[in-house]
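As structure tokens, the structure follows; a few thoughts come after it.
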Ligand SMILES: [Zn+2]
């Protein structure tokens, strides 16, 4: 009998969005960082974690996080947020100009510490893969990229970090930004970013997309763009991204993030874009918690397109909250998008696991024999219970090793006094 390095006993498996029924309980054996056995029979192992019938999923994948900006909210005064989210996102472009000021004070040592804290918080919350955007433009220079590249190396084996060289303020609007993106790729950035909707004309948006593809093809990199991120139904850079990928033979290598204006399109135009996106092998990334407008998630899911949920922001100029916690993001999305049917809740779990993995092209991110043992043991035995609790996983397993464990205590002490009641937790 095989002796496994690690055994997860009594793990509840999912059936998936097509069959939103409670899944079966199995024992999972792991050898050399991979799932070697899934069985009802007892499994021998050197180390063991008891899932106790709780749901076990592939670990969480965050496909869109502005990691160089985390915890800068206190420097921004909230003005950019008000412009970004207010009045149906009418002033989103102005918000980006306001938020840009924070980059004048960029300090690489501070970015390094803040970003590390956020990645380790995320790991405790079960996030093992992160696509991290770093502003790469004339204002930030390489001061956003360099600390994230360092963290990518420092945390390798715990958190897989992909760094996106991202010209946040535009390419035509910010002459010189494309050279900074080029330099960021030269020193090791993994993905070429873009934000074509921010340019002033449709022609300049096209030029923006072309410059990004030129670099992606020169360096052989995937592309992640923020498309159509304002309250303007005339924006169509999502479609331009897809059609350019088809024309240039760069299909299955593009991600469209935000794409919020698509939520204002009439249904026939959404259907046309969905067909185009399928041909382009495009993955969508959405973050309904960070602004009041969202791409038509259910329509795209029903069309068979991958739509990942992502954190987007942690306490920066655009969003005051966030703790790098995709179950929290999923719960917020359940409310924002009214995704509360059993089937929709299963979709939410796919959106923070396998759809994110599609964006990052993480192969075989699933609970199956032969797959990498990147796994979370959650609190709750089905999608509803897991979302309702939205707690850090009981166990986070990376490459077959337990890297985080959270103890939930029931030792809650309620005390009262003449000044009022206090609730404390003893642990
Ligand atoms: Zn974003």
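The values are calculated or read from the model by the stated rules, or taken from the named source; none is laboratory data. Since this is a predicted model, take the numbers as computed values, not measurements. A quick note on method: Cβ atoms are made from the backbone with ideal geometry, for glycine too, and the neighbour counts reach across all protein chains shown.
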Determine whether the range 194-204 contains at least one residue that is assigned by TED's automatic domain parsing to the domain that holds residue 135, within 16 Å of the ligand (Cβ to nearest atom) and out of contact with any strand residue (DSSP E or B) (no Cβ under 7 Å at 6 or more places or on another chain).
-> yes
Identify the single condition in (1) over 17 Å from residue 339 (Cα atoms); (2) within 16 Å of the ligand (Cβ to nearest atom); (3) out of contact with any strand residue (DSSP E or B) (no Cβ under 6 Å at 6 or more places or on another chain) that residue 311 does not satisfy, given that it satisfies every other one.
-> (3)
Every listed condition ((1) in contact with a strand residue (DSSP E or B) (Cβ under 9 Å, 6 or more places away or on another chain); (2) surrounded by fewer than 24 Cβ atoms within 10 Å (Cβ to Cβ)) holds for residue 357 save (2)
Candidates 271, 317, 336 - the one that is over 18 Å from residue 133 (Cβ atoms) and touching a residue at least 40 places away in the same chain (Cβ under 8 Å) = 336
Do we find a residue being within 29 Å of residue 221 (Cα to Cα), touching a residue at least 40 places away in the same chain (Cβ under 8 Å), within 16 Å of the ligand (Cβ to nearest atom) and not assigned by TED's automatic domain parsing to the domain that holds residue 392 anywhere in the range 104-115?
-> yes
Going by the structure shown, is residue 327 in contact (Cβ under 8 Å) with a residue 24 or more places away in the chain, touching a strand residue (DSSP E or B) at 6+ places or on another chain (Cβ under 9 Å) and either part of a loop (DSSP other than H, G, I, E, B) or within 30 Å of residue 86 (Cα to Cα) (or both)?
-> yes
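Pick from the range 291-304 the residues that are more than 14 Å from the ligand (Cβ to nearest atom) and surrounded by fewer than 20 Cβ atoms within 10 Å (Cβ to Cβ): which of them is nearest to residue 76 (Cα to Cα)?
292
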Residue check: is residue 109 under 30 Å from residue 383 (Cα atoms), surrounded by fewer than 22 Cβ atoms within 10 Å (Cβ to Cβ) and modelled with pLDDT of 95 or more?
-> no
(1) away from the ligand (no atom under 16 Å from the Cβ); (2) over 28 Å from residue 320 (Cα atoms) all hold for residue 232 apart from (2)
Count of the range 322-337 residues which are closer than 23 Å to residue 105 by Cβ and modelled with pLDDT of 95 or more = 1
When every residue in the range 252-275 that is away from the ligand (no atom under 13 Å from the Cβ) and outside any helix (DSSP H, G or I) is compared, the one nearest to the chain's Cα centre (by Cα) is 254
Report yes if residue 376 is under 19 Å from residue 119 (Cα atoms) and in contact with a helix residue (DSSP H, G or I) (Cβ under 8 Å, 6 or more places away or on another chain), otherwise no.
-> no
Mind telling me which of the residues 358, 278 ends up being away from the ligand (no atom under 16 Å from the Cβ), farther than 29 Å from residue 86 by Cβ, in a helix (DSSP H, G or I) and under 15 Å from the mean Cα position of the chain (by Cα)?
-> 358
Output the number of residues of the range 38-75 satisfying the condition of being within 15 Å of the ligand (Cβ to nearest atom) and assigned to a loop (DSSP other than H, G, I, E, B).
-> 3
